[in-house]
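The values are calculated or read from the model by the stated rules, or taken from the named source; none is laboratory data. Remember, it's a predicted structure, so these values are computed and weren't measured experimentally. Positions of Cβ are generated from backbone atoms using ideal geometry, with glycine treated the same way; all protein chains shown enter the neighbour counts.
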Amino acid sequence: MFRLCLILVAALAITAGAYAASNWKGDGWYQVIEYITPGSASYKSIYKGPYADEANCLRELHPDYVSPGYDAEDPDTTNDYSCVRLSSRPDWDK
């Protein structure tokens, strides 16, 4: 039983580390998603990138970028996609 608990804890730690990894890869244009939940603070994360220019970023941007769309996994949350020029890793990505 103790061994099973250790395996479970290790698996959770590895999974949490994978989700915490940043998509920051240096200077460029990035697709950024902002998660907006009424009554709560919104937060951002880097979705994809970098792209050489804004046109390439916009060309591959999620279809909800013009107007925010509801998150399929959480109907109380709105996802707003945009292209943003990032010359350094933003504070909100740390």
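Considering only residues of region 60-94 that are closer than 12 Å to residue 31 by Cα and assigned to a loop (DSSP other than H, G, I, E, B), which is modelled with the lowest pLDDT? Across region 60-94, the extreme among qualifying residues is 62.
Contact map, region 33-55: residues that are at positive phi and touching a residue at least 60 places away in the same chain (Cβ under 8 Å) paired with residues that are surrounded by 11 or more Cβ atoms within 10 Å (Cβ to Cβ) and of a type in the set (A, V, I, L, M, F, W, C), Cβ distance under 6 Å, separation 6+ or inter-chain. No pairs are found.
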